[in-house]
1. Scan I317, I361 and give me the residue that is open to solvent by 20 Å² or more (accessible area, probe 1.4 Å), in contact with a helix residue (DSSP H, G or I) (Cβ under 9 Å, 6 or more places away or on another chain) and at pLDDT 80 or above.
2. Could you check how many residues of region 279-290 are within 20 Å of L350 (Cα to Cα) and surrounded by fewer than 19 Cβ atoms within 10 Å (Cβ to Cβ)?
3. So, G342, is that one of a type in the set (G, A, S), modelled with pLDDT of 90 or more and under 30 Å from W225 (Cβ atoms) or not?
4. What are the pairs with Cβ atoms under 6 angstrom where one residue, in region 200-214, is within 15 Å of V245 (Cα to Cα) and part of a helix (DSSP H, G or I) and the other, located anywhere, is open to solvent by less than 50 Å² (accessible area, probe 1.4 Å) and modelled with pLDDT under 85? Sequence gap at least six, or different chains.
5. So P377 fits all but one of (1) in a loop (DSSP other than H, G, I, E, B); (2) open to solvent by 30 Å² or more (accessible area, probe 1.4 Å); (3) of a type outside the set (V, I, T); (4) modelled with pLDDT of 70 or more; what number is the exception?
6. I'm checking my understanding of the structure. Among residues of region 223-272 that are of a type in the set (S, T, Y) and at pLDDT below 90, which one is most open to solvent (accessible area, probe 1.4 Å)?
Amino acid sequence: MSYVQRIFRDISGLWRALMGELRSIHHPGPRMIDEFECVVSVLLAIVFAHALGAQNVGWAAFSGYMVMRSHVSQSLMRGSLRLVGTAAGAGVALLVAPVAVKSPAVMSVALAVFGGVSLYFALVGRRSYAWLFTGLTFCMIVIEGMKHPTESVLPFAQSRLVEIVAGTVACILVSAASTFFVRRRLNEQGGETAVQTAIRHSSLWHSGAVRHSVEAAIALAFIPWIWAWLGITSLAQSSVTIMAVMMIPVASLGADPLNPVTSKLALRFVGCSAGGLLAIAILFASHHSPVLMTLAVCLGVLVGRHIENGNAATSYIGTQFVLAFLVVLVPDSYSDAVVDPGIDRLAGILIGIVILEPVLILSHFVLGHDSRKVQTPPTHESTE
């Protein structure tokens, strides 16, 4: 079978799996409890974010979505790690940003070193979710400082913390209410989603993770230069894309990491494109009506979570669909709801794919890959 034939086969299989998931969305079952929990959590996160004056309400909504798990204890642990990682990354960024923003070269080194190190420990460490958010937050804040070198990054760092707090608190409240008043009555403890469990390595040293982290570091290092050359304003989201898609199970790093990461990039592109384009269409069709936009948010979260909880081949598409859908559709202010900020954020997400893939391909052809036997098939972890 030729390469082109394999591509068409994979696309065809992916399409059939997606259609199968969408056809089953109206069937009641255990998955529906989790889906409605996410809808309520997202709506509450939006309320909290507006009340607290968050700058990027869509990211608070997405935190309310991502933290949700089948039991309040799991949601609390995930939310705590998200908060700790965000606070740690913000703290380091506040120290580094005043120096880093003075030069693209210094900025490039800072992103590469801190982003690469945090990703490495996210791959091999026990508290990987906290490490991931340490790196994500650091990169987002420092890159924001690059856009406004004469201004303090403190307001952006504070807003980032507010967004995470709003989403996390909303999720834990909803998860607690569901755990004790809904799931207990139905004797339903909930199940793991297809992307929830990641396999960790038992040692802090892993040569495959080192190379993987260096590849991510190189991609992050390009961001300041792209800003200097092209002036693209949404590159903070590009750093999120780079780190999120490089989070793959460490066991899969024994083989060629190009395939699972490229697969994850492709799924992120499909999910974000679908979610973002649909959100843009809804914004125009609804004439920015808060009621219609809120109803659309409910439906979009329901559909995305249903896909995420289903077939493992398409689950990451569901996560990315919700990500783009929320950051585009949820306005920072309903009195001045415009599409431009959402489009900028979506563009930043997709630009991250354009930055990372050439680095992976070049590394693949220059260094080859480790042919050691893979312990388990790669899966997509539920990351940003």
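The values are calculated or read from the model by the stated rules, or taken from the named source; none is laboratory data. Model, not experiment: these values are computed from the prediction. Cβ placement follows ideal geometry from the backbone for every residue including glycine, while neighbour counts extend to all protein chains displayed. Side chains are part of the model used for accessible areas, which takes the heavy atoms of the whole protein and leaves out ligands, DNA and RNA. Shrake-Rupley method; radii C 1.70, N 1.55, O 1.52, S 1.80 Å.
1. On the way: I317 fails: open to solvent by 20 Å² or more (accessible area, probe 1.4 Å).
After ruling out the rest, the residue left standing is I361.
2. Total satisfying the criteria: 2.
3. no
4. Short answer, once both residue conditions are applied: A209/V250; A209/L253; H212/L253; H212/P257.
5. (4)
6. Step one: filter region 223-272 for residues of a type in the set (S, T, Y), giving 233-234, 238-239, 241, 252, 262-263.
Still in the list and also at pLDDT below 90: 233-234, 252, 262-263.
On the way: T233: 72, S234: 13, S252: 5, T262: 45, S263: 48 Å².
Across region 223-272, the extreme among qualifying residues is T233.
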